Amino acid sequence: MVDDKLKTKRGLLGDIFGGKDMESNITRDKKIIFIVEDDEILLRALYILFHEENYTIATATDGETAINMAERLKPDVVLLDLLLPKMDGFDVLKVLKADPKLKSIPVIVLSNLGDASSMEKAKKLGSDDYFVKANTDLSVLSEKIKKILI
């Protein structure tokens, strides 16, 4: 299903297909979901899912860029992978929650790390929820984000 949509939405996705971080054309007229994910296929699927639900999407593919973009954008919710280049998601979460201007932004972790210690560490650092990629239906993730953004 997603593959068919990807074929027809190449123009919609713009810079994502080039593996670039995307911040252009961000406006505050819609809720902003900031997706921090280095897996291009999952990033595409998440982008399509949330774009079709009429959210504004910003993306980053590494931790350092995520921090810089979050400071500029102040998104409504962050969807954060933990295994990222340049700065891991735990450190990103730590920085976001230590910043008075960003600490109130909900952060949902979406990671391949399914062990109890990673989940506990993310919770202690301030994550609002934790989803294991292999066990997560994107519709459940979408519903969680809708509830947060209401």
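Brief remarks follow.
Yes/no per residue for (1) without any contact (Cβ under 8 Å) to a residue 40 or more places away in the chain; (2) under 14 Å from the mean Cα position of the chain (by Cα):
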residue: 39; (1), (2): no, yes
residue: 45; (1), (2): no, yes
residue: 85; (1), (2): no, no
residue: 89; (1), (2): no, yes
residue: 94; (1), (2): yes, no
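- Positions within segment 116-135 being surrounded by 11 or more Cβ atoms within 10 Å (Cβ to Cβ) and either at pLDDT below 95 or on the phi > 0 side of the Ramachandran plot (or both), in sequence order: 126
- Scan of segment 110-126 for residues that are closer than 21 Å to residue 68 by Cα and out of contact with any Lys or Arg (no Cβ under 9 Å at 6 or more places or on another chain), ordered by number: 122
Each row is one residue, and each column tells you yes or no for (1) surrounded by 18 or more Cβ atoms within 10 Å (Cβ to Cβ); (2) polar (S, T, N, Q); (3) more than 15 Å from the chain's Cα centre (by Cα).
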| site | (1), (2), (3) |
| --- | --- |
| 98 | no, no, yes |
| 101 | no, no, yes |
| 109 | yes, no, no |
| 113 | yes, no, yes |
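- Listed by position, the helices (runs of 4 or more DSSP H) enclosed by segment 53-150 that each have at least 3 residues that are closer than 21 Å to residue 40 by Cα are 63-73, 89-98, 138-149.
The values are calculated or read from the model by the stated rules, or taken from the named source; none is laboratory data. Remember, it's a predicted structure, so these values are computed and weren't measured experimentally. Neighbour counts are summed over all protein chains in view; Cβ atoms, including those assigned to glycine, are modelled from backbone coordinates with ideal geometry.
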